[in-house]
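Participant: Sending over a structure as structure tokens; questions will come in a sec.
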């Protein structure tokens with residue numbers, strides 16, 4: 001779907017300037033130009049969450065697009081910042097989806113009675129998503145920038161160089177803060 005040849009840094013920068021000014025067509029053009037990267041980002045975001053079988057990569061990508069378009073004007077500086085923002089949006093969608101699925105499993109206020117002997121679907125995938133989300137929320141109270149770094153690296157698959165550019169820090173600082181974030185998250189997830 002993307003036209004990789006036209007997705008030069010200058011083209012992306014021009015589109016970002018237009019999107020920041022409220023041009024919704026520019027947001028669509030950014031999505032088109034970066035579709036392959038965004039699709040890989042969505043795939044990365046869903047990796048390891050087999051329990052979320054109703055939410056596939058394409059559905060996650062398209063829901064992200066709809067949320068960003070509904071938002072109107074973007075406030076991003078560059079390609080890496082846009083991908084980081086997309087990663088945050090995807091995380092939010094997956095968390096919302098996991099909460100919705102868990103609520104449905106717990107009755108969701110409907111009082112439905114199942115009369116079959118089929119085993120209930122496993123809720124561990126949704127619970128894991130929510131545990132990681134809660135751990136990231138806890139980490140955000142300590143250091144918001146660490147959460148952005150985790151979203152960009154773990155969920156977004158951005159390189160250390162791209163993360164450094166988006167956050168305005170060196171690659172060495174990215175590596176140090178990644179290790180710090182991993183340690184803090186490991187403690188929070190115990």
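Values in this text are rule-based calculations from the coordinates and carry no lab data. What you see is a predicted model; the values in this text were computed from it and never measured. Glycine gets a Cβ as well: all are built from the backbone with ideal geometry, and neighbour counts include every protein chain shown.
Participant: Measure off 7 Å from each Cα along the Cα-to-Cβ vector at residue 144 and residue 75, then give the distance between these two points in nanometres to one decimal.
Facilitator: Output for this residue pair reads 1.0 nm.
Participant: Using the count of nearby Cβ atoms within 10 Å as a rough guide to exposure, how do 187, 94, 147, 69 rank from fewest to most?
Facilitator: Lowest count first: 187, 69, 147, 94.
Participant: Could you check the simple spin-label distance between residue 28 and residue 188, using points 7 Å along Cα→Cβ, in nm with one decimal?
Facilitator: Here the modelled spin labels are 3.8 nm apart.
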